[in-house]
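The structure appears right after this line, and notes come after that.
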Amino acid sequence: MTDPADLVRPDNGQAAHLIHLVDADSHEAWLANQPERHRAALDAQGFKATPFAHAILPGETAQDWSVVSCVKNAAKLGTWCLARLGDVLPEGTYRLATPAEPGPAILGWMSGQYRFERYKEKPSTKGPRVLLSPQPAAIEPAARLARATALVRDMVNIPTADMGPDEIEKQARAIAERYDARIEVTRGDALEKGYPMIHAVGRAADRANAPRLIELNWGRDEHPRIALVGKGVTFDTGGLDIKPSAGMRLMKKDMGGAAHALALAELVMAAHLPVRLHLLLPVAENAISGNAFRPGDILKSRKGLSVEIGNTDAEGRLILGDALAKAGEDKPELILDFATLTGAARVALGPDLPALFANDEALAADLAEHGTAQDDPVWRLPLWEPYEELFKSDVADINNAGDSGFAGAVTAALFLQRFVPDGTAWAHFDTFAWRPTAKPGRPKGGDALGLRAAFALLQARYGR
């Protein structure tokens, strides 16, 4: 893929095709001022002033053509206003016809040109569409977001055979090297002793896909400490509580939380935020073999709590529990975790909205506000403590999944909260990491949901 920074360039008066933007309110007035050849072309192409509609307008010469596109608000562009154009226009260079700045639509233009063609015999040969912008300072920050989004998409789209624990570790090592961060990986006997729930979930996988905890540390000791945690189940069969084939079909994406956390960590380091960053990726394949953990087993946890296994398909909260306990030991002032954790969150909110849980009112409000501002919305669900009775155990401190089917996303978040230190601000994103249908700038497949909201929060709180 072309580097996103090459898809938007400073406008220095280069030759370019014009993009006229209209909306439902301004369309008629704009049309009245157009030459007859434009009106005829619009009629021939059946152009209507509906969102994302576009048409080609002929010019005086064959090369002097331009584009008209309908957006929601031509005076204030949102992230995805230009995304469809970035995808469908011919290769070439473009600029907005009015002096309006593209603003957040720069990101949509970049993201609209994402392609996942790793396994295609004949990848697309379509060249880049370049947008000229009068905002040169905005290009690189948008390109970072586009790269982070592409990283999540790629990692989620790649099948497990090529994105197992080893490959996630390689991705983390490459990013650590790029930013001179320290990386540590715990596996084998040390994992079993120090992180028993991560080990139990992943022990049935073959040696090439052995479980591990990947940790990255970056920044100065005197800066505020923050921790990012991401669920990295590289494939989820459900374990001995095996999923049906339809439920297993997309489980290559069950490491989407790890992809989000890794991409967010890179955004933090690339922006040189003055923080002491601790990234934790618990990585395991929930496989089936003779030594798979079983329903009814009682696992130790790093925190010391004993956990009865009510369902081996509720494994993500187990590996996150050990990782959250480790994150809390270093006394961060903020912990954010990402996980493709529950189907209940998708039933409640659908694919577009990550369920947000937080133990701090200001943190929850800030994340919701930044999500709206970034066109990356989240929706808060409650940490309703009376529901802790739904996963109580008669023989252990807690059960990983109660018998009730009620409030599955809430009880999962409450389970995680048991591993977060009291007094530490914490937010949990139960994200889908997938788009079942394409939208402008957001193709079908893996996607980053909640990533930009979280990064905007970190920038607001810790940016210089």
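Regarding region 317-326, can at least one residue be identified that is assigned to a loop (DSSP other than H, G, I, E, B) and in contact with a strand residue (DSSP E or B) (Cβ under 8 Å, 6 or more places away or on another chain)?
no
Does region 329-368 hold any residues that are among the small types (Gly, Ala, Ser) and crowded, with 21+ Cβ neighbours inside 10 Å, and which are they?
Correct list: Ala339, Ala345, Ala355, Ala358.
Can you name the residue in region 92-106 that is within 19 Å of Ala53 (Cα to Cα) and at pLDDT below 95 and is also surrounded by the fewest Cβ atoms within 10 Å (Cβ to Cβ) among such residues?
By that ranking, first place goes to Thr98.
Which one of Leu213, Leu264 is under 24 Å from the mean Cα position of the chain (by Cα), crowded, with 17+ Cβ neighbours inside 10 Å and over 30 Å from Gly290 (Cβ atoms)?
Result of the check over Leu213, Leu264: Leu264.
Which of the residues spanning region 328-344 are hydrophobic (A, V, I, L, M, F, W, C) and within 23 Å of Val156 (Cβ to Cβ)?
Within region 328-344, Ile335, Leu336, Phe338, Ala339, Leu341, Ala344 meet the criteria.
Looking for something closer than 23 Å to Leu381 by Cβ, out of contact with any Phe, Trp or Tyr (no Cβ under 8 Å at 6 or more places or on another chain) and surrounded by 24 or more Cβ atoms within 10 Å (Cβ to Cβ) - is there at least one such residue anywhere in region 281-304?
No.
Here's a check for you: in region 228-248, which residue that is of a type outside the set (Val, Ile, Thr) and in contact with a Phe, Trp or Tyr (Cβ under 9 Å, 6 or more places away or on another chain) is nearest to Arg294 (Cα to Cα)?
Going through the qualifying residues, I end up with Leu240.
Rundown of residues vs (1) more than 18 Å from the chain's Cα centre (by Cα); (2) surrounded by fewer than 17 Cβ atoms within 10 Å (Cβ to Cβ); (3) at pLDDT 95 or above, yes/no style:
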site	(1), (2), (3)
Gly108	no, no, yes
Ala146	no, no, yes
Asp166	yes, yes, yes
Ala176	yes, no, yes
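Could you grab the pairs with beta carbons closer than 8 Å, sequence gap of 6+ or different chains, first residue in region 151-177 and without any contact (Cβ under 8 Å) to a residue 40 or more places away in the chain, second one among the aliphatic types (A, V, I, L, M)?
These pairs meet every condition: Glu167/Ile158; Arg173/Ile183.
Out of the residues in region 62-80 that are touching a Ser or Thr at 6+ places or on another chain (Cβ under 9 Å) and at pLDDT below 95, which is farthest from Ala32 (Cα to Cα)?
Selected residue: Ala75.
Would you mind telling me which numbered condition in (1) out of contact with any strand residue (DSSP E or B) (no Cβ under 9 Å at 6 or more places or on another chain); (2) closer than 30 Å to Lys331 by Cα Leu228 fails?
Going through (1) out of contact with any strand residue (DSSP E or B) (no Cβ under 9 Å at 6 or more places or on another chain); (2) closer than 30 Å to Lys331 by Cα one by one, Leu228 breaks only (1).
Quick check on my filter: what residues within region 442-464 are in a loop (DSSP other than H, G, I, E, B) and either hydrophobic (A, V, I, L, M, F, W, C) or crowded, with 23+ Cβ neighbours inside 10 Å (or both)?
Asp447, Ala448, Leu449, Gly450
If you take just the helices (runs of 4 or more DSSP H) that sit entirely in region 1-98, which of them hold at least 1 residues that are touching a helix residue (DSSP H, G or I) at 6+ places or on another chain (Cβ under 9 Å) and closer than 29 Å to Phe116 by Cβ?
Answer list for region 1-98: 83-88.
Residues in region 125-146 that are in a helix (DSSP H, G or I) and touching a Pro at 6+ places or on another chain (Cβ under 6 Å): how many?
So the count comes out to 3.
When both residues are 6+ apart or on different chains and their Cβ atoms are under 9 Å apart, which pairs have a first residue that lies in region 86-100 and is more than 10 Å from Ala16 (Cα to Cα) and in contact (Cβ under 8 Å) with a residue 12 or more places away in the chain, and a second that is assigned to a loop (DSSP other than H, G, I, E, B) and among the aliphatic types (A, V, I, L, M)?
Gly86/Leu7; Thr98/Ala74; Ala100/Ala74; Ala100/Ala75; Ala100/Leu77
Identify, please: which residue in region 385-439 is charged (D, E, K, R) and either in contact with a Pro (Cβ under 8 Å, 6 or more places away or on another chain) or assigned to a helix (DSSP H, G or I) (or both) and is, among those, farthest from Leu305 (Cα to Cα)?
The extreme case among them is Arg435.
The values are calculated or read from the model by the stated rules, or taken from the named source; none is laboratory data. The shown structure was predicted, so the numbers you read here are calculated from the model rather than taken from an experiment. Neighbour counts are summed over all protein chains in view; Cβ atoms, including those assigned to glycine, are modelled from backbone coordinates with ideal geometry.
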